[in-house]
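The values are calculated or read from the model by the stated rules, or taken from the named source; none is laboratory data. Only a predicted model underlies this, so the values are computations on that prediction, with no experimental measurement involved. Note that each Cβ is placed from the backbone with ideal geometry, even for glycine, and that neighbours are counted across all protein chains shown.
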Amino acid sequence: MRKAEIVNRIAEETGLTKVKAEEAVDAILEEVKDGLQRGESVILRRFGSFQVREKRARVGRNPKTGEEAGIPARRVVRFKSGKYFKEAVNGNVNWDDDDDDDDDDE
């Protein structure tokens, strides 16, 4: 599923125009990105959490030539799905249930 499909579905389900739905999606994605750039965890209840992890510099190898190459230190984003989201994907719970008593997003 692409962003345009998500925007279309949100517009249909909420009655928003496609422009407003796209603005909402963009705003959410921007906030997630900004939080991660600041080194914060981003936790979306019933969905999951995004975290930034630091990867150390290391020596890698070209698989074809065996030549060593330095891989610099970098930051990577990790997503951990919440228990409720996993169960919803597997059809074990109804995503639309209003049961907010689960604190399983980490």
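Couple of notes before you dig in:
- Taking first residues from the stretch 62-89 that are under 24 Å from residue 39 (Cβ atoms) and partners that are at pLDDT below 95 and assigned to a helix (DSSP H, G or I), the Cβ contacts under 9 Å between residues at least 6 apart in sequence or on separate chains come to 81/89.
- Selection from the stretch 45-56 of residues that are modelled with pLDDT under 95 and over 13 Å from the mean Cα position of the chain (by Cα): none
- Considering residues of the stretch 1-20 that are within 18 Å of the chain's Cα centre (by Cα) and farther than 23 Å from residue 96 by Cβ only, the residue surrounded by the fewest Cβ atoms within 10 Å (Cβ to Cβ): 2
- Residue satisfying all of: in the stretch 21-44; part of a loop (DSSP other than H, G, I, E, B) and more than 12 Å from the chain's Cα centre (by Cα); nearest to residue 96 (Cα to Cα) among these: 40
- Among residues of the stretch 42-59, those that are surrounded by 13 or more Cβ atoms within 10 Å (Cβ to Cβ) and without any contact (Cβ under 8 Å) to a residue 40 or more places away in the chain, counted: 4
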